[in-house]
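The structure appears right after this line, and notes come after that.
The values are calculated or read from the model by the stated rules, or taken from the named source; none is laboratory data. In this text, all values refer to a predicted model and were calculated from it rather than measured experimentally. In this analysis, Cβ positions are derived from the backbone assuming ideal geometry, glycine residues included, and neighbour counts consider all displayed protein chains. We work out accessible area using only protein heavy atoms, side chains counted, and drop any ligands, DNA or RNA first. Shrake-Rupley method; radii C 1.70, N 1.55, O 1.52, S 1.80 Å.
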Amino acid sequence: MPQVRKNPARKKADHRTRVGRERRARTRQRIIEAAVGVIAERGPDAPVIEDFIQAAGVARGTFYNHFTTTEELLAATSGWLEDDVIHSIQSAIGGFDDPLRRLVTGMRLWLRLSRQDAAFCAFVVRSRFRGAAVERQLALDLGECLKSGRVVAPSIELARDLVVGTIREAQARMMDVRVPAAFPDDVVRLILRALQADERKIAALLAAPVPSVVRAPPATAPSSRA
């Protein structure tokens, strides 16, 4: 059989294309990670594009190659940061058959990670964006809990607002003061009582060990935190 001769020029071009894609992906990630610290420290409304450019250490033209508005950057940053956390949590709770156990463990892990990672906690509190994966997982678990009667609420929307609102306020408190180690579970207990979960089930679920979560290193903490 005749040998197929490789085209050196084609191979070189493919290499350049791959390297270019990788460099572009690294730059985009650099901008997103820098945005976490900016938003965690100043909130989503105060910064301008120049703040993100300076924090990431990139040229203005480079920034605009990836994002055209701060809104676009904030949506991408929220999706990356929050969805990274929820995907890590999903890996830890995916084997649980009981939807209430998934819901409780997910809330416990989210709050514990918030207590440990100041930048993540501050970003969630100060950003008005929510990761799509976060909302999907919460809707799935709450919906199954409501259908099975494990929790009670007039609607899944009200149950969602109760969970998200309470957790967000708890995270806001964690931004301002050092809370005790029991604080995350105390918050989850109150949420479950508001949803009329069985008290013995609550006690059993909160007594269970929390699974470990493997995720990327925490983002840089905002300097404004006490």
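Across all Cα pairs in region 14-133, the calculated P(r) in 10 Å bins from zero up to the longest distance comes to 13, 38, 28, 16, 5, 0 percent per bin. Karplus-based coupling profile of region 93-102, in residue order and whole Hz: 10, x, x, 7, 7, 6, x, 5, 5, 4, with θ = phi - 60° in 6.51 cos²θ - 1.76 cosθ + 1.60 and x standing for Gly or Pro.
Only protein heavy atoms count here; under a 1.4 Å probe, residue 107 has an accessible surface of about 10 Å². The residues of region 146-194 present an accessible area of 57 Å² per residue when probed at 1.4 Å with all protein chains retained.
Which shape class applies to region 125-196: rounded if a/c is under 1.5, otherwise prolate when a/b exceeds b/c and oblate if not, where a ≥ b ≥ c are the square roots of the Cα gyration tensor eigenvalues? Provide the component values of the computation, followed by the final result.
Numbers: a/c = 2.46, a/b = 1.41, b/c = 1.74.
Cα axes put region 125-196 in the oblate bin.
How much of the accessible area of region 149-204, in percent, comes from carbon and sulfur atoms when a 1.4 Å probe is used? The value for region 149-204 is 55 percent carbon and sulfur by accessible area. Computing FRET efficiency as 1/(1 + (r/R0)^6) for residue 177 and residue 59, where r is the C-beta to C-beta distance and R0 is 45 Å, gives about 0.65.
How would region 154-210 be classified by its alpha-carbon gyration tensor: rounded, prolate or oblate, with rounded meaning a/c under 1.5 and the a/b versus b/c comparison settling the rest? Verdict is oblate for region 154-210.
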